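Taking it in order: structure first as C-alpha cells, then the write-up.
The values are calculated or read from the model by the stated rules, or taken from the named source; none is laboratory data. Please read all numbers here as calculations on a predicted model, not as lab measurements. We place every Cβ from the backbone using ideal geometry, glycine too, and count neighbours over all the protein chains shown. These accessible areas exclude ligands, DNA and RNA; they are computed on the full protein's heavy atoms, side chains included. Shrake-Rupley method; radii C 1.70, N 1.55, O 1.52, S 1.80 Å.
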Amino acid sequence: MSKVNDSGKEKQVSVKVEALLKKMSLEEKVGQLNQVGGAAFSPGPAAEDQIRKGGAGSVLWLNDTQKFNELQKIAIEESPSGIPLLFALDVIHGYRTIFPVPLAMAASWDPDVPEKSQAVAAKEARAAGLHWTFGPMLDICRDARWGRIVEGAGEDPYLGSAMAAAQVRGFQGDDVTDPERMLACAKHFAGYGYSEGGRDYDPVYLSESQLRNIVLPPFKAAVDAGVETFMSAYMDLNDVPATGNRFLLRKVLREEWGFDGFVVSDAFAVANMVIQGHAKDRREAALRGLKSGMNMDMSSYTYTENAAQLVADGVLTEAELDELVRPILTIKFKMGLFEKPYVDETLLEKVIALPEHRATSRWSAQRSMVLLRNEGGLLPLSKHVKKIAVIGPVADSMQATEGSWMVFGHTPTAVTVLQGIRTKLPNVEVTYASGPEIRRDIPSWFESLMAGQERKPEQTPAESEAAFQSALETAKAADQVIMVLGETDIMAGEAASRASLDLPGRQEELLKAVSALGKPVVLVLLNGRPLSINWAAENIPAILEAWEPGTEGGNAVADILFGDANPGGKLPVTFPRRGSHAPLYYARNTTHSPEGSPMYNPRYWDGLPVPLYPFGFGLSYTTFEFSNLKVSSEKIKVGESLTVTFDVTNTGKLAGDEVAQLYIHQKYGTDTRPMRELKGFERITLQPGEKKTVTFKLGKDELTYWSTNANAWIQDPASFDLWAGSDSQASLHAEFEVTA
Ligand code: BGC
C-alpha cells in the first residue's frame, strides 16, 4: 500500500474515531479501557453484563469461538455505541499447531523461523476468533534460574531485536486488516527478565545504561516493526511499578519512540500497585495508571470502579481519558472490526487441518535444535539397529514436548520423541521406560488451570525405585540407548523459577547408571532453560538440546538423530555450570584479568564461573572453517560505516548450516564496554567443500551506545577488536579504529 493511501486511510479512521468519541458517554470511554476476564478467571462483574453496558473494550482468558460471537453480538447490538470487542489470549508459540518455545526459536538464529511460525499461529488463532495475542515476550534474560527465560529470545539484545521484529512481522504481517493475522503485544515492558535472583515477580534494579543498551532494544525493534500494542511488566523497576512508570510509558515509549498504539497492563497489575506500595488504595492506583499512560486495565477493574469519579472530582480530565481511549478505537477501526465483527464458526476446523502448518512446525523444530556434543561422530545414528531403548520421564510426554505456555484450554497433541522414533524406524524394535517421575518440589498454581494436565499422585520411594530398575533393564536389553531427560512443561515458564539448574529428580543418577552399562548412549534434552549438565557434558558422547520443540517435536528429534536433518541451531543463552553462577552471560565488562588468566580465579574459589556452553555455541554433523576476515577500511570517522567480510567453508562431508557470527569490543571510551558484543549474524547452508563470503556492515547504529558518563547516546572515537566465528568465543580476529 502506498504512503499516500496509508495517510488517506489514517485520516478516515481518525475522523471516525473522533465522531465516535463525541457520542460516547464517560462510562463507555472507561469501558474501552477495561479488559474483562472471561471463563473461570473473572474475578469482577460478570462479563456479559459488563459488555452490555458498554463497560468492556476487550475480553481475555476465553478460548471459545461460539462464545466470542455471542459476546460480540451483545457488544454490537446491545451496548450503547455498539463498539466491537477485541478478543485476546496468550498465543505464545502456536494455537493448535504448537511451535518450539520462543527460546528454542531464537536458537535457530534464523528470523524466518519465528516469522513463519507466528504467521501460522496467527492464522489459526484468528480462525478461532481471536484478534490479539499477548506476545512476543521480549524480556532479555541473563539469569537461567528465571522460569520465563523460556518465553524470550535469551540473553542478547542484538539477537533479541532480530527475533522481536520477526515475531511482530509473523503475527501482524504488514496489514492489520488481513483476516489471517493478529495484533501483537510487546511484553513485558520493561526489565522483567532481570528480577532479582531470577525469582519471578521480584523487583528489578537496572541502571539507565543497562536498560537502554540491553533491555530496551528488542522493544524498540518491535515498535520499528509496527507492533500495535504493549504490555507493562508486573514488577517495580527501580522502585516504580512498571505499570505506573511514566519514564517507560510516556518518555521512552511515546515521546522518544513515537509509539501510537496502546498499552495493556499485565494481569491485575493496576490494582497491584496498592500491594506494591505505590498507591494508597485502588482509586489512587487507577489514577497512577491513567496518568502514566496505561491505556487498558487487565482485569483488575480498578479503572471501571474509579475513572469516572476521578473525572467528576476534577483530578483527571476527560481529555486525558480520551487520549487513552483513542488508540484502542483506532485499532478497532483499522482492523475493520466495525464492518466485520464476527468470526466464521466453521473456519477453524478447516484451517487447523492444513498439513503445511505441521510441516512448518517440524521445520521450525529441526532448525531450533542445538547439537551440544558429538564425540566420535556417534550421531547421526544408523537406522539399521535391532533394538533401541528410549528412556526418560519426558520421552513420551506430550506436555513436555509442546512445552510451557499452552493456549488456555489447549490439550496437547504432540508427537513425542518416543513416537517420532517409532515412526521413523517401523522395522526396529523400540522399547521404552520412563524411569522415576520428575515433579516440582512446590507445585505450580498453573497446573490447576490447564485442561488435561492433572498430575498423577506422587510416586512412593518404592515405586520410584521400581521405575529406576525397570529403566535399567530396558536399557540393558537394547543395542542403542536414547535418554530423553529434562524438565516438564511447568518447570519453566511463569512462576517456575529454580535455584538449581541441575536435571531435576533422579535423572542424572539414572543417566549415570545407564551409561555404566557400556551401551552407546545419546542424550536428548527437553527443557525450557539452560541446564547445568556437567556430568553428561563429560561422559555422554552425544547430546542434543531439543528444548520444548512443539507438536512435531518428536518427529524433528528423530529426523536429527537418524540423519534426515543436520542440526544447525546455536545457543541463544549461556549454559552456566551451576545455578549459583547465574546471572552468567558473554557480553560482560571486566575489571582486570580476563577469563583464562590465573587472576581470574578469585571470582570464586569453589568452581570458576566459566560457561559449560557459551552463547552462540552449537555443532553440526559437518565441520566449518572461518577465514579471511577483512575490514573495508581500518580507519573510519565517527558516523561512517565499514564493511566486514569473512569466508565460511564447509570442510566436512555433509551439507549443513553454520551461523556466521560477528562480535566487537570497543577497547576504551567514555564508558567501559562489554568484552564482546554480537553485531551481526547469518545462518547459511553450505554443501561439502563449498565456501561462502559473508558481509556485515558496522556503522553508527552498531557502534553507538547509551553512555552513563555522557547521559546520552554517543559514538566514541576508539579502537575496536573484531571476531568472526561460530560462537561467542570465536578467535578469528581483526581490528579497526574510529577517529573523531
Ligand atoms: C502474564 C502475562 C500474560 C497475562 C495474560 C500474566 O500472568 O505475566 O505474560 O500475558 O498473564 O494471560
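What to note about this one:
- Scope the stretch 182-210; condition assigned to a loop (DSSP other than H, G, I, E, B), more than 16 Å from the ligand (Cβ to nearest atom) and open to solvent by 60 Å² or more (accessible area, probe 1.4 Å); matching residues: Tyr205
- Taking the criterion of being of a type in the set (A, V, I, L, M) and either over 15 Å from the mean Cα position of the chain (by Cα) or surrounded by fewer than 24 Cβ atoms within 10 Å (Cβ to Cβ) (or both), the residues of the stretch 109-123 that qualify are Ala119, Val120, Ala122.
- Taken over the stretch 277-301, the criterion of being at positive phi and in contact (Cβ under 8 Å) with a residue 24 or more places away in the chain is satisfied by Gly293, Ser299, Tyr301.
- Of all the residues in the stretch 124-137, those that are within 13 Å of the ligand (Cβ to nearest atom) and open to solvent by 10 Å² or more (accessible area, probe 1.4 Å) number 0.
- Condition check for Asp236: more than 16 Å from the ligand (Cβ to nearest atom) and open to solvent by 10 Å² or more (accessible area, probe 1.4 Å): no
- On the stretch given as the stretch 504-525, residues that are open to solvent by 10 Å² or more (accessible area, probe 1.4 Å) and over 18 Å from Trp146 (Cβ atoms) total 12.
- All conditions in (1) farther than 20 Å from Pro530 by Cβ; (2) within 12 Å of the ligand (Cβ to nearest atom); (3) assigned to a helix (DSSP H, G or I) hold for Arg148, with the sole exception of (1).
- Neighbours by Cβ (under 7 Å, 6+ apart or cross-chain): first from the stretch 51-68, under 17 Å from Phe262 (Cβ atoms); second away from the ligand (no atom under 16 Å from the Cβ) and of a type in the set (Val, Ile, Thr): Gly57/Ile328
- Contact map, the stretch 171-190: first residue farther than 17 Å from Ala233 by Cβ, second residue of a type in the set (S, T, N, Q) and within 14 Å of the ligand (Cβ to nearest atom), Cβ cut-off under 8 Å, separation 6 or more or different chains; pairs are Phe171/Thr133; Met182/Thr133; Leu183/Thr133; Leu183/Thr229.
- Where strands (runs of 3 or more DSSP E) fall wholly inside the stretch 595-698, the ranges with 1 or more residues that are exposed (fewer than 15 other Cβ atoms within 10 Å of the Cβ) are 624-631, 635-637, 642-650, 677-686, 691-698.
- Selection within the stretch 538-568 - small (Gly, Ala, Ser) and under 22 Å from Thr488 (Cβ atoms): Ala546, Gly550, Gly553, Gly554, Ala556, Ala558
- Residue check for Thr360: open to solvent by 20 Å² or more (accessible area, probe 1.4 Å) and not in a loop (DSSP other than H, G, I, E, B): yes
- Yes/no for Leu501 being surrounded by 24 or more Cβ atoms within 10 Å (Cβ to Cβ), closer than 15 Å to Ile540 by Cβ and not acidic (Asp, Glu): no
- Scan of the stretch 7-23 for residues that are of a type outside the set (Asp, Glu), under 13 Å from Arg326 (Cα atoms), in contact with a helix residue (DSSP H, G or I) (Cβ under 9 Å, 6 or more places away or on another chain) and without any contact (Cβ under 8 Å) to a residue 60 or more places away in the chain, ordered by number: none
- Selection from the stretch 170-181 of residues that are open to solvent by less than 30 Å² (accessible area, probe 1.4 Å) and either among the basic types (Lys, Arg) or within 17 Å of the chain's Cα centre (by Cα) (or both): Gly170, Phe171, Gln172
- Within the stretch 493-516, if we keep just the residues that are among the small types (Gly, Ala, Ser) and in contact (Cβ under 8 Å) with a residue 40 or more places away in the chain, the residue that is farthest from the ligand (Cβ to nearest atom) turns out to be Ala513.
- Restricting the first member to the stretch 302-329 and to residues that are of a type in the set (Phe, Trp, Tyr), and the second to residues that are assigned to a loop (DSSP other than H, G, I, E, B) and open to solvent by less than 30 Å² (accessible area, probe 1.4 Å), the beta-carbon pairs closer than 7 Å and six or more apart or on different chains are Tyr303/Leu33.
- Residues that are crowded, with 23+ Cβ neighbours inside 10 Å and either within 14 Å of the ligand (Cβ to nearest atom) or under 27 Å from Arg498 (Cα atoms) (or both) within the stretch 211-226 comprise Ile214, Val215, Leu216, Pro218, Phe219, listed in sequence order.
- Boolean, Lys383 is part of a loop (DSSP other than H, G, I, E, B), of a type outside the set (Phe, Trp, Tyr), in contact with a Lys or Arg (Cβ under 8 Å, 6 or more places away or on another chain) and open to solvent by 40 Å² or more (accessible area, probe 1.4 Å): yes
- Meets criteria (under 21 Å from Gly135 (Cβ atoms), free of Cβ contacts under 8 Å to residues at least 40 places away in the same chain and out of contact with any helix residue (DSSP H, G or I) (no Cβ under 6 Å at 6 or more places or on another chain)) for Val223: yes
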